[in-house]
């Protein structure tokens, strides 16, 4: 089904104050009208957007991209009719009619209105009235009103195009909204769930609230699009004759040492490969080939520093890293804090984002037979 949107922006908005109509004022870095239009342009179910304006606003409306601009009439319903008739030559199946002063309309509300038109000629979002209602005069309560079945109307109000066009063309004018026009033409209108954030900017206080909500939504969208990378690494080194091992940058006295082309720091090697993995950039062997004699006996912090620098160059920061050492001996627990401190110094990362822990293989396999040490590591990177 082809769906068009009409944004009604021909009003003067005098209750909102200011030197210009509210729809052309700026909040959260853009005009209110631009925020509202973008909500529909960004929706995959909306094929085109018509912006209905006051004749005096042609110059400012030219700054709004991706819309067909139509001059409105002297009343809201006259402006809607102008928008509908502008669409008639290439008529859509459905049309959504929306107040420009509701820039926070969500994709879900738009989805729900469109979906409801599968079974009804009209649909509109609304919120059930939950507060007690009074009648009053002279600033005094004169009675109460039952709130059962009462709703606070919102937009967009959606319709099957041909039916709402005919309803407007036969209407005498003066309707508060398009639901009133539809009902006068005996069209059923389904109610879908509204949204408390889909507020209509009416008073000066509404501008601040709308801006706050728009900025929060923008931040949430950025976070949802954040580039998060997770990499894993694994390394193994066998024991040979010696008197110490180096693990995560810490020298630990032991009756044997680990055999390797470099200093055989199995924990740091696994962590370095985890970072390269998160960057989708190979492994240590590709960056520092063991066939190259310059790396014989090299300190493994050279490799780790290179991986960390590469991540920074590509615009990433570290959320956390985690290293697990798998061995029967030596005991890792007494040295874990020093290992975290060493990695923190090398990586420039706070210790509370670095985990170093150990486990055994319950005397199974080569680690269980104390033939060597294995290490697993993970690294989580976040795009800056």
(message) Could you compute how fast the range 1-89 diffuses translationally, taking Rh as the Kirkwood radius over C-alpha pairs and applying Stokes-Einstein at 10 °C with viscosity 1.306 mPa s? Give it in µm² per second.
(response) 119 µm²/s
(message) On alpha carbon coordinates alone, what is the Rg over Rh value for the range 145-287, Rh being the Kirkwood radius?
(response) 1.48
(request) Averaged over every viewing direction, what's the projected area of the C-alpha convex hull for the range 228-383? Give it in nm², one decimal, please. (result) 8.6 nm²
(message) Helix 32-41 against the longest principal axis of the chain: what's the angle in degrees, Cα atoms only, rounded to the nearest 10?
(response) 70 degrees
(message) Counting other beta carbons within 10 Å of each residue's own, what order do 237, 186, 337, 287 fall into, fewest first?
(response) 186, 337, 287, 237
(request) Quote the FRET efficiency, to the nearest 0.05, computed for residue 60 versus residue 115 with a Förster distance R0 of 35 Å and r equal to the Cβ-Cβ distance. (result) 0.50
(request) Taking the chain as the reference, fit the longest principal axis to its C-alpha atoms, fit the long axis of helix 76-87 to the helix C-alpha atoms, and give the angle between the two in degrees, 0 to 90, nearest 10. (result) 70 degrees
(message) Using only the alpha-carbon atoms, how far is helix 161-170 inclined from the longest principal axis of the chain? Give it as 0 to 90 degrees, nearest 10.
(response) 30 degrees
(message) What are the extents of the Cα atoms of the range 98-173 along their three principal axes, in Å, largest first?
(response) 46, 33, 26
(message) Using Cβ contacts closer than 10 Å as the measure, can you line up 322, 178 from fewest to most?
(response) 322, 178
(message) Report, to one decimal in Å, the Kirkwood hydrodynamic radius for the range 178-238 based on all distinct Cα pairs.
(response) 17.0 Å
(message) Let me understand the range 242-331 better: what is its radius of gyration from the alpha carbons, and its Dmax, in angstrom?
(response) 13.8, 43
(message) Can you give me the Rg/Rh ratio for the range 30-147, using Cα atoms for both radii and the Kirkwood formula for Rh?
(response) 1.07
(request) Just round it to a whole percent: the fraction of Cα-Cα distances in the range 3-224 exceeding 31 Å. (result) 20 percent
(message) Rounded to the nearest 5, what % of DSSP beta bridges with both residues in the chain are antiparallel?
(response) 60 percent
(request) With a bin width of 10 angstrom, please list the P(r) values of the chain as percents of all Cα-Cα pairs, from the 0 bin to the one holding the largest distance. (result) 5, 19, 19, 11, 9, 12, 13, 9, 3, 0
(request) Using a Gaussian network model of the chain whose springs link C-alpha atoms within less than 10 Å, name the residue from 70, 113, 266 with the highest mean-square fluctuation. (result) 266
(message) Show me, bin by bin at 5 Å from 0, the whole-percent P(r) of the range 310-384 based on Cα pairs.
(response) 3, 16, 22, 20, 15, 11, 9, 4, 1
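Any read-out appearing in this document is the output of simple, stated calculations on the displayed coordinates, not a laboratory observation. Predicted, not measured: the structure shown is a model, and the values here were computed from it. In this analysis, Cβ positions are derived from the backbone assuming ideal geometry, glycine residues included, and neighbour counts consider all displayed protein chains.
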